[in-house]
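Enquirer: Dropping the structure in here first, questions after.
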Amino acid sequence: MRKSLFSKVFTLGFVVLVMAGCGRASPTFPTGDFIDHLGLVLSLMPDGRCTLSYPTTGEVLIENGHYSVDGDIVTIIETEQCPPGEGVYRWTLDGDRLLLELIEDNCQNRVESFSQELTRYSQGE
């Protein structure tokens, strides 16, 4: 009887640990459209393309950008508005809020654009 109780407790403990570990899986990088408080929209397509624009005025800051993701690091690659180089950011998603924390970027315009909290307003496909 004692062995059986120990076995059940051990098994239950193992299951709890496995489930806790599964809950820590890193989230999938979000795609879709995200907007800041000024109306600037960052569109992240599932194929790695991105745009940055003000839809209300038609102003486009990044038209043919690209991004890549490695874990919680996103690298933005575009040369239209910025000198050659990449912007590297740590991303987190809190509900519908996408936060990009600067790691390294030599383009001040991109840094200013991505330093704002972005809120999802359309889901990617």
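Enquirer: Looking at the range 7-30, is at least one residue open to solvent by 90 Å² or more (accessible area, probe 1.4 Å), at pLDDT 55 or above and out of contact with any Gly (no Cβ under 9 Å at 6 or more places or on another chain)?
Expert: So far as the range 7-30 goes, yes, one or more of its residues are open to solvent by 90 Å² or more (accessible area, probe 1.4 Å), at pLDDT 55 or above and out of contact with any Gly (no Cβ under 9 Å at 6 or more places or on another chain).
Enquirer: Continuing with the same structure: Filter the range 90-107 for residues that are more than 16 Å from residue 37 (Cα to Cα) and in contact with a strand residue (DSSP E or B) (Cβ under 9 Å, 6 or more places away or on another chain) and give the result.
Expert: Result: 90, 91, 92, 93, 95, 101, 102, 103, 104, 105, 106, 107.
Enquirer: Now, a different point. Identify all residues within the range 41-62 that are open to solvent by 90 Å² or more (accessible area, probe 1.4 Å) and under 19 Å from the mean Cα position of the chain (by Cα); write none if there are none.
Expert: Once the filter is applied, which keeps residues that are open to solvent by 90 Å² or more (accessible area, probe 1.4 Å) and under 19 Å from the mean Cα position of the chain (by Cα), the range 41-62 yields 47, 49.
Enquirer: Yes or no: residue 122 among the small types (Gly, Ala, Ser) and either modelled with pLDDT under 85 or farther than 23 Å from residue 38 by Cα (or both)?
Expert: Yes: the conditions hold for residue 122.
Enquirer: When only residues in the range 63-72 that are in contact with a strand residue (DSSP E or B) (Cβ under 6 Å, 6 or more places away or on another chain) and within 16 Å of residue 99 (Cβ to Cβ) count, which is surrounded by the most Cβ atoms within 10 Å (Cβ to Cβ)?
Expert: Checking each candidate, the answer is 67.
Enquirer: Just one of 42, 61, 99, 52 is outside any loop (DSSP other than H, G, I, E, B) and closer than 16 Å to residue 27 by Cα; which is it?
Expert: Selected residue: 99, the only one of 42, 61, 99, 52 that is outside any loop (DSSP other than H, G, I, E, B) and closer than 16 Å to residue 27 by Cα.
Enquirer: Hey, can you tell me all the residues within the range 78-108 that are of a type outside the set (Asp, Glu), open to solvent by less than 70 Å² (accessible area, probe 1.4 Å) and more than 10 Å from the chain's Cα centre (by Cα)?
Expert: 82, 83, 85, 87, 88, 95, 107, listed by residue number.
The values are calculated or read from the model by the stated rules, or taken from the named source; none is laboratory data. Quantities reported herein were computed from a predicted structural model and do not represent experimental measurements. In this analysis, Cβ positions are derived from the backbone assuming ideal geometry, glycine residues included, and neighbour counts consider all displayed protein chains. Ligands, DNA and RNA are stripped out before the accessible areas are found, and what is left, the full protein with its side chains, is counted by its heavy atoms. Shrake-Rupley method; radii C 1.70, N 1.55, O 1.52, S 1.80 Å.
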